[in-house]
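Worksheet: one structure, shown below.
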Amino acid sequence: MPAIQIKNLTKFYRNQFKALADLQLTVEPGQFFGFLGPNGAGKTTTIGVITGLANFQSGDVKVFGKDVRKDYRETRAMIGLVPQEFNFDPFLSAEQILTYEAGYFGIPYREGKKRAEEWLKFFDLWSKRKDGYKRLSGGMKRRLLIARALMHDPKILILDEPTAGVDLELRYQLWSFLKDLNSKGKTIFLTTHYIEEAEKLCTHAAIVHQGRVVAQDSVDKLIHGLHAEFVDLDLKTAVYEFPKQVGDVQVVLTNGGRGLSFQEKPGIVNKVLHILHEKGIEIEKVGVRRPTLEDAFLTLTAKKGAAGSDA
Ligand SMILES: Nc1ncnc2c1ncn2[C@@H]1O[C@H](COP(=O)(O)OP(=O)(O)OP(=O)(O)O)[C@@H](O)[C@H]1O
Ligand SMILES: [Mg+2]
């Protein structure tokens, strides 16, 4: 039985704007699943539907076989949610935020208090336990969000951009913490804009674009689906406009226009060099590398249009 199964999910905001269009998604128990997509693709909306925070017009959404609408309390109790935005009660201390959450899920007070102490110590927040969340730094707030999501020991942990605005040291700590949690059997569903982070952590991923899942597979298969190496060009001067598509190959501007990246296919290098030559731009360095998850991401979420992205 899948941990999360979504079939034909369509959602409109105010019955007008179609945020999710026939979205399909399956997350198996024990997976470390990356839910990736550009800004506005529909990631947070999908998470809202899974956690019962957002309504939807049609589709079938199940958590461990239970319907998120009919069996709301049961499905919600199986999920720990780390939301994208801080949504703490401003009148509670860090410790109360955790004990109240435990109470919400029916955990006896003494047990809740014990778990709160463990997590506050684990996340290095013990000395801040009496403080309201506004007195915590951004990184501390992120840790408190994660602690709160884990208070009722959910089967699935959903994290909506948990590492946004987090420094390198904390990021590495969170990575190893989440990996460890997953190796002990917790299903993890993660959104992030750091595709390298997803490549390091996730076993499986779905790429969502304009409200649809455009690819879903193991991370290895998503990368190998590209079937070819990539060429990176370092340019002597920046190029600001370059066709997004050359032949059937997508070209991405990198390094603020000081580089180009594209999939190696017969004849493509010549065509790109020709365009650069016409623009009077010289090449400093040429590199060939294996494809990454980021290449898969950029290829699958490419929109038709002119200027490249600064990935
Ligand atoms: N409450 C709302 N009312 C109306 N439209 C909304 C609402 N919330 C989101 N949307 C729209 O739905 C679309 C999907 O938004 P969503 O927040 O799910 O994207 P996202 O993939 O999480 O993006 P990001 O990476 O920026 O967090 C966007 O076009 C957004 O403007
Ligand atoms: Mg979002």
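When region 10-48 is filtered for residues that are open to solvent by less than 50 Å² (accessible area, probe 1.4 Å), over 19 Å from LEU300 (Cβ atoms) and more than 15 Å from ligand 2 (Cβ to nearest atom), the ones remaining, listed by number, are THR10, GLY30, GLN31, PHE32. Mind checking which residues of region 49-82 are farther than 17 Å from HIS152 by Cα and either of a type in the set (Lys, Arg) or free of Cβ contacts under 8 Å to residues at least 24 places away in the same chain (or both)? Of everything in region 49-82, those that are farther than 17 Å from HIS152 by Cα and either of a type in the set (Lys, Arg) or free of Cβ contacts under 8 Å to residues at least 24 places away in the same chain (or both) turn out to be LEU53, LYS62, LYS66, ASP67, VAL68, ARG69, LYS70, ASP71.
Residue check: GLN245 meets all listed conditions (1) surrounded by 17 or more Cβ atoms within 10 Å (Cβ to Cβ); (2) of a type in the set (S, T, N, Q); (3) outside the structural domain of GLY34 (by TED's automatic domain parsing) but one, namely (1). Annotation: of all residues in region 49-61 being within 20 Å of the chain's Cα centre (by Cα) and open to solvent by 10 Å² or more (accessible area, probe 1.4 Å), the one that is farthest from ligand 2 (Cβ to nearest atom) is GLY52. So for region 81-89 (the condition being charged (D, E, K, R) and within 16 Å of ligand 2 (Cβ to nearest atom)), does at least one residue qualify? Within region 81-89 (the criterion being charged (D, E, K, R) and within 16 Å of ligand 2 (Cβ to nearest atom)), the answer is yes, since at least one residue qualifies. Considering region 189-266, the qualifying strands (runs of 3 or more DSSP E), each wholly inside and each with 1 or more residues that are within 16 Å of ligand 1 (Cβ to nearest atom), at pLDDT 90 or above and among the aliphatic types (A, V, I, L, M), run over 204-209, 212-218.
Let's see how each residue does on (1) assigned to a helix (DSSP H, G or I); (2) crowded, with 21+ Cβ neighbours inside 10 Å; (3) more than 16 Å from ligand 1 (Cβ to nearest atom); (4) not assigned by TED's automatic domain parsing to the domain that holds THR51:
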position: MET140; (1), (2), (3), (4): yes, no, yes, no
position: LEU144; (1), (2), (3), (4): yes, yes, yes, no
position: PRO154; (1), (2), (3), (4): no, no, yes, no
position: ILE158; (1), (2), (3), (4): no, yes, no, no
position: GLY165; (1), (2), (3), (4): no, no, no, no
position: GLU169; (1), (2), (3), (4): yes, no, yes, no
position: GLN173; (1), (2), (3), (4): yes, no, yes, no
position: SER176; (1), (2), (3), (4): yes, no, yes, no
position: ASP180; (1), (2), (3), (4): yes, no, yes, no
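In the condition set (1) out of contact with any helix residue (DSSP H, G or I) (no Cβ under 9 Å at 6 or more places or on another chain); (2) open to solvent by 20 Å² or more (accessible area, probe 1.4 Å); (3) aliphatic (A, V, I, L, M), LEU92 is compliant with all but (1).
For residues that are of a type in the set (Asp, Glu) and not in a loop (DSSP other than H, G, I, E, B), scanning just region 83-115, find the one that is nearest to the chain's Cα centre (by Cα). Among residues in region 83-115 that are of a type in the set (Asp, Glu) and not in a loop (DSSP other than H, G, I, E, B), the one nearest to the chain's Cα centre (by Cα) is GLU101. In this structure, PHE12 qualifies as touching a residue at least 12 places away in the same chain (Cβ under 8 Å) and not hydroxyl-bearing (Ser, Thr, Tyr).
Filtering ILE156, ILE195, ILE207 for residues that are more than 16 Å from ligand 2 (Cβ to nearest atom), closer than 22 Å to GLY42 by Cα and touching a residue at least 12 places away in the same chain (Cβ under 8 Å) leaves a single hit, ILE156.
For ILE97, work out the one condition from (1) within 16 Å of ligand 1 (Cβ to nearest atom); (2) touching a residue at least 40 places away in the same chain (Cβ under 8 Å) it doesn't fulfil. Failed condition: (1).
Identify all residues within region 64-89 that are farther than 20 Å from GLY30 by Cβ, open to solvent by 20 Å² or more (accessible area, probe 1.4 Å) and out of contact with any strand residue (DSSP E or B) (no Cβ under 6 Å at 6 or more places or on another chain); write none if there are none. Across region 64-89, the qualifying residues are ASP67, ARG69, LYS70, ASP71, TYR72, ARG73, ARG76, GLU85, PHE86, ASN87, ASP89. Return a yes/no flag: does region 290-311 have any residue that is modelled with pLDDT under 90, in contact with a Gly (Cβ under 7 Å, 6 or more places away or on another chain) and open to solvent by 30 Å² or more (accessible area, probe 1.4 Å). Yes, region 290-311 contains at least one residue that is modelled with pLDDT under 90, in contact with a Gly (Cβ under 7 Å, 6 or more places away or on another chain) and open to solvent by 30 Å² or more (accessible area, probe 1.4 Å).
The values are calculated or read from the model by the stated rules, or taken from the named source; none is laboratory data. Source: prediction; values computed, not measured. FYI the Cβ positions are ideal-geometry reconstructions off the backbone, even for glycines, and counts take in every protein chain you see. Each accessible area value is taken on the protein alone, full model and side chains, heavy atoms only, with ligands, DNA and RNA left out. Shrake-Rupley method; radii C 1.70, N 1.55, O 1.52, S 1.80 Å.
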